[in-house]
Amino acid sequence: MNYRPEPPQLMPTTVADGRVPGVYYRIDGELVPVLHIWLDGSVPVFFEHHIVLWKDPALKIGVRGKGALKRMVAGMQLLLTEANGPGQIAFSRDGVGHVFPLHLRAGSAVEVREHQYLAATGNLEYGFARQKGIRNMLFGSTGFFVDRFAAPKSEGVLWLHGYGNVFEKVLAPGEQIDVEPGSWIYRDESVRMEPKIYGLRTGMFGGTGNLIFNRFTGPGRVGIQSMYLDMSTDSDR
């Protein structure tokens, strides 16, 4: 066989010296990793309010913008909170998994599955939308939320949490991969996603079943977690 495409690659499980302007960060830990961030005061970070592990007393904390209220009204059990330095802050999610950074270059954007982002630099733009259809087929629900992060003018960092370990597939233009719907975490906005249903038959008189996947078409990155944990608590989601 001459065609041997690269499988998804394991994301780094630790980061000793991560940097962007105004922010220095480190990721440590094996079972329940911790994200440590140092802020010099020029760039804030925003995050889900319930994932703070510890912080410097002098670090200022407040609600970020008007979008937080909209997310609560939409049924999302979180607030978007912002920390302003100088000072240190650390984050950790209550679950075994994998914490990793996504650096977004100026002009790029990424879509992230709900409840999987930890924090983001304040220069990133944030929005969200309901992803309909795919989850409806799986769980009898009406969809789930997808967070969108964009870097309009300068590089920013988004820190995500995946359950199990996280692998990344970089798709070439037109290249495709089918991913179990609960396993994808993020995709570059340049990557197209569509549901695919495969009917299964066990014989002429046997029963039928379905295999459901999300098909991703490049160019761009797709993040895949090896374990799926349903974080939904609202039957409307």
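The values are calculated or read from the model by the stated rules, or taken from the named source; none is laboratory data. Please read these numbers as outputs of a predicted model, since none were measured by experiment. Every residue, glycine among them, receives a Cβ derived from its backbone with ideal geometry; neighbour counts consider all protein chains shown.
At a glance:
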read-out	value
Condition check for Val34: at pLDDT 95 or above and surrounded by 19 or more Cβ atoms within 10 Å (Cβ to Cβ)	no
Filter result (touching a residue at least 60 places away in the same chain (Cβ under 8 Å) and among the aromatic types (Phe, Trp, Tyr)) within the range 1-55	Tyr25, Phe46, Phe47
Test: residue in the range 159-169 that is exposed (fewer than 15 other Cβ atoms within 10 Å of the Cβ), touching a strand residue (DSSP E or B) at 6+ places or on another chain (Cβ under 9 Å), modelled with pLDDT of 90 or more and not in a strand (DSSP E or B)	no
Filter result (among the basic types (Lys, Arg), modelled with pLDDT of 85 or more and assigned to a strand (DSSP E or B)) within the range 92-150	Arg113, Arg148
Selection status of Gly29, out of contact with any strand residue (DSSP E or B) (no Cβ under 6 Å at 6 or more places or on another chain), under 22 Å from Arg93 (Cβ atoms) and not polar (S, T, N, Q)	yes
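Yes/no matrix, rows are residues, columns are (1) modelled with pLDDT of 90 or more; (2) small (Gly, Ala, Ser); (3) closer than 26 Å to Arg130 by Cα; (4) in contact with a Lys or Arg (Cβ under 9 Å, 6 or more places away or on another chain):
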residue: Tyr3; (1), (2), (3), (4): no, no, no, no
residue: Pro7; (1), (2), (3), (4): yes, no, no, yes
residue: Ile27; (1), (2), (3), (4): yes, no, no, no
residue: Gly41; (1), (2), (3), (4): yes, yes, no, no
residue: Phe46; (1), (2), (3), (4): yes, no, yes, yes
residue: Val73; (1), (2), (3), (4): no, no, yes, no
residue: Glu82; (1), (2), (3), (4): yes, no, yes, yes
residue: Gln88; (1), (2), (3), (4): yes, no, no, yes
